[in-house]
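The values are calculated or read from the model by the stated rules, or taken from the named source; none is laboratory data. Computed from a prediction, not measured in an experiment: that's the story for all the values here. Positions of Cβ are backbone-derived with ideal geometry, glycine not excepted, and every protein chain shown enters the neighbour counts. For accessibility, only protein heavy atoms count, side chains too; no ligands or nucleic acids. Shrake-Rupley method; radii C 1.70, N 1.55, O 1.52, S 1.80 Å.
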Amino acid sequence: MMKKSTFGYLLSAIALFSFLFLGVCSAFSAEKITIRVGSPFKAGHILVDAGEKFKELIEKDSGGRIAVEIQAGVASEEQINDLCSQGKIEMQSNGHRALEVFAPQYFFFNAPYVMKDLDHFMRVWDSNLGKKARSLVEKNGNNLFLGIVYRGLRQMTSKIPIYTPADVYQLKLRLPTVKTWIAVWKELGAEPVPIPLPELYKSLKDGRADSSEGDLTQIASFKLDQVQSHLTVTNHLVQTGGVLINKSFFNKLSKKDKALVQKSAKAAIAWANDKLKRGENALFLDLQRKGMQVVLPDAESFRQAARPAV
């Protein structure tokens, strides 16, 4: 009788322990997570749109357990890349600063007059060249690529019409602080003025720069139609951006949460790419409606003039 009683107590103790253990595990797995996503662009830019869609998807699928904070237009590409690499924010929806800093020999992915179109870009990105580039960003920058966002082809804005490379001679052109871009536009005869992205609008308004170049969502979201009269279709760069996550943060996530982050990012990027492809022509029309004059230059003459620097 004593043995049965002892055995019963033992079973009860095991059951209680299991209940408490499962409760702790359940509470741990239900721990709330905050993911801060930095972008140098303003609301309305396709990279910010991608971040917002990621927020919508992962918060819904996690039942609100994973919260996403979008930090848009408050820091430069360089600052955001540094913050993400250091783990001070968890993700970035950014230009290709990570490639420039952590895999510079592969920065041709983001150089003018190298890629012909998005299909060309993705073929190379999905090849061994892209794999090696991603590996270096992971190794040197503590960042993992979750995907590539198409931003459209880069064009020029100015206060005068641009038809040939002769028209950009000594033109003060706002550029990001990217050495390869600066080299190409110097080759074309322009006077590059390296200015961080958050200062783009102000630099054009106060005359530090006479012109700019960028994808249509950049031109539209920064309201450059208010400070520039002409939009020149140079198509000089197949512009993409990267959605990246801090590797140390990602590795600490549960297997389930890792899969959720990857699934949500993949869906958000596919949605953004489809939106941009369908909306690129609409952006042209909208900028025209706002008063910008669209110029169709001799684009091939620009490509040939830039060739030595490329």
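Below are the figures for this structure:
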quantity: Ellipsoid semi-axes in whole angstrom, largest first, where each is sqrt(5λ) of the Cα gyration tensor of the chain; calculated: 49, 19, 16
quantity: Average projection area in nm² (convex hull over Cα atoms of the range 39-96, one quarter of hull surface); calculated: 3.9
quantity: Per residue solvent-accessible surface (Å²) - the chain, probe of 1.4 Å; calculated: 49
quantity: Area accessible to solvent at I46, 1.4 Å probe radius, in Å²; calculated: 0
quantity: Net length gained if the chain between A259 and Q304 were fully extended (0.36 nm per residue, minus Cα distance); calculated: 11.6 nm
quantity: Exposure of R134 as accessible area (Å², to 10), given a probe of 1.4 Å and all protein chains; calculated: 70
quantity: Accessible area of Y150 in the full protein assembly, 1.4 Å probe (Å², nearest 10); calculated: 20
quantity: Fully extended contour minus Cα-Cα distance, from V101 to T180, at 0.36 nm per residue; calculated: 27.2 nm
quantity: Average Cα contact separation per residue, the chain, under 8 Å, 6 or more apart, as relative contact order %; calculated: 24
quantity: About the Cα centre, charge dipole magnitude for the range 124-229 (Lys/Arg +1, Asp/Glu -1 at Cβ), debye; calculated: 300
quantity: Accessible-area order (highest first, 1.4 angstrom probe) of the listed residues E300, E213; calculated: E300, E213
quantity: Principal-axis tilt of helix 77-86 within the chain, Cα atoms, nearest 10 degrees; calculated: 20
quantity: Carbon and sulfur %, accessible surface of the range 131-215 computed with the full protein complex present, 1.4 Å; calculated: 54
quantity: Set K32/K139; K88/K172; K179/K263; K32/K255 screened for pairs whose C-alpha atoms are more than 25 Å apart; calculated: K32/K139; K88/K172; K179/K263
quantity: Carbon plus sulfur fraction of accessible area for the range 74-114, probe 1.4 Å, in percent; calculated: 50
quantity: Difference of contour (0.36 nm per residue) and Cα-Cα distance, K223 to A270; calculated: 14.3 nm
quantity: Euclidean distance between Cα centres, the range 172-210 to the range 75-135, Å; calculated: 20
